[in-house]
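Participant: Dropping a structure here in structure tokens format, bear with me for questions.
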Amino acid sequence: MVAGVERILVPGWDLASSEAALSLAERHAPVILAAVGVHPHDAASMDEPGWAQLESLLDHPRCVAAGEIGLDFHRNLSPQEVQRDVFARQLELAAARRLPVLVHDREAHAEVSGALLAWGGRPYRAARGVLHAFSGDETMAVTLAAAGFLISFALPVAFRSASGPRAAATALPSTAILVETDAPYLGPDREGRNEPTTALRVAAELGRLRGESPESVAAGARSAFDRLVGVA
């Protein structure tokens, strides 16, 4: 444990980064765990050989989740229809392996929510997945949490302009909350490094919003993380 950080889940965003995440997990177990997936930005790069490689990576013993997957209708670096198809196919692959999913959602709240609520994947007794760097509103968060998903907050929850995530943070049960860095993005400032300890700042802000201690938020997040990766 360094500076209070006990576990780190490193996601892939394409095939190469998924392999790199698995390599990190192999070298630094049990602190680092890996997720494997193709981000919506890279959805258009997928072909059938790529899908075969992705399935092999998902079957790796160090892979604990499918991600980062989802929809991004803000930048649209892949066509929206391609994003939908790749997201749906990765949900199917995760369901077949009973893996949780790490979900990217930017300006696609209704479609992401609908896909996850309809997903016949991981059983409810474990955390079914994570809405990462959550940018939706309170209703979306509470609805998905009730369906077995976790809501993960990054440092923007400290911004007053993030009214939806801030409202969600106060409405959710502690069992549904995770903290994250989203490194190298969403760091403390333009010049500052976004490193694992940024998650401690997120916990402190969530504690302030919820009227709890940062230690209480961290304990809840650790319990939620354990359910996500199958420890509890």
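Participant: Looking at the structure I just gave you, is R166 of a type in the set (K, R), at pLDDT 95 or above and closer than 24 Å to H41 by Cβ?
Facilitator: So R166 does not fit the description; no.
Participant: Taking interchain pairs and intrachain pairs at least six residues apart, which have beta carbon atoms under 8 angstrom, with the first residue in the range 77-98 and under 17 Å from D47 (Cβ atoms) and the second of a type in the set (V, I, T) and in a helix (DSSP H, G or I)?
Facilitator: Note: pairs meeting the criteria are S78/V86.
Participant: Report yes if E191 is out of contact with any Leu (no Cβ under 6 Å at 6 or more places or on another chain), surrounded by fewer than 21 Cβ atoms within 10 Å (Cβ to Cβ), among the charged types (D, E, K, R) and in a helix (DSSP H, G or I), otherwise no.
Facilitator: So E191 does not fit the description; no.
Participant: Scan the range 23-58 for residues that are in a helix (DSSP H, G or I) and closer than 17 Å to D85 by Cα and report the count.
Facilitator: Matching residues across the range 23-58 total 13.
Participant: Is one or more of the residues making up the range 9-22 among the aliphatic types (A, V, I, L, M), surrounded by 23 or more Cβ atoms within 10 Å (Cβ to Cβ), assigned to a helix (DSSP H, G or I) and at pLDDT 95 or above?
Facilitator: yes
Participant: Can you name the residue in the range 128-163 that is in a loop (DSSP other than H, G, I, E, B), of a type in the set (G, A, S) and farther than 19 Å from T181 by Cβ and, of all such residues, is modelled with the lowest pLDDT?
Facilitator: S161
Participant: Still on this structure, please answer the following. Determine whether the range 28-43 contains at least one residue that is of a type in the set (D, E, K, R) and either surrounded by fewer than 18 Cβ atoms within 10 Å (Cβ to Cβ) or touching a Pro at 6+ places or on another chain (Cβ under 7 Å) (or both).
Facilitator: No; the residues of the range 28-43 include none that is of a type in the set (D, E, K, R) and either surrounded by fewer than 18 Cβ atoms within 10 Å (Cβ to Cβ) or touching a Pro at 6+ places or on another chain (Cβ under 7 Å) (or both).
Participant: Kindly indicate whether any position in the range 54-66 is within 16 Å of G148 (Cβ to Cβ) and not aromatic (F, W, Y).
Facilitator: yes
Participant: Sticking with this one: Can you confirm whether A183 is surrounded by 16 or more Cβ atoms within 10 Å (Cβ to Cβ) and of a type in the set (G, A, S)?
Facilitator: When the stated conditions are applied, A183 passes them.
Participant: For the range 208-232, what are the residues that are crowded, with 17+ Cβ neighbours inside 10 Å and free of Cβ contacts under 8 Å to residues at least 40 places away in the same chain?
Facilitator: P214
Participant: Considering each residue of the range 102-126, count those that are touching a Pro at 6+ places or on another chain (Cβ under 6 Å) and not in a strand (DSSP E or B), and give that number.
Facilitator: Matching residues across the range 102-126 total 1.
Participant: So the check is Cβ under 6 Å with 6+ separation or different chains; which pairs have a first residue in the range 139-155 that's more than 13 Å from A221 (Cα to Cα) and a second one that's assigned to a helix (DSSP H, G or I) and of a type outside the set (S, T, N, Q)?
Facilitator: Short answer, once both residue conditions are applied: M140/H109; A141/A168; V142/A171; A145/A176; A147/L117; L155/V202.
Participant: Next question, about the same structure. So P40 passes all but one of these: (1) at positive phi; (2) touching a residue at least 60 places away in the same chain (Cβ under 8 Å). Which condition number does it fail?
Facilitator: (1)
The values are calculated or read from the model by the stated rules, or taken from the named source; none is laboratory data. Quantities reported herein were computed from a predicted structural model and do not represent experimental measurements. Cβ coordinates were reconstructed from backbone atoms using ideal geometry, including for glycine residues, and neighbour counts include every protein chain displayed.
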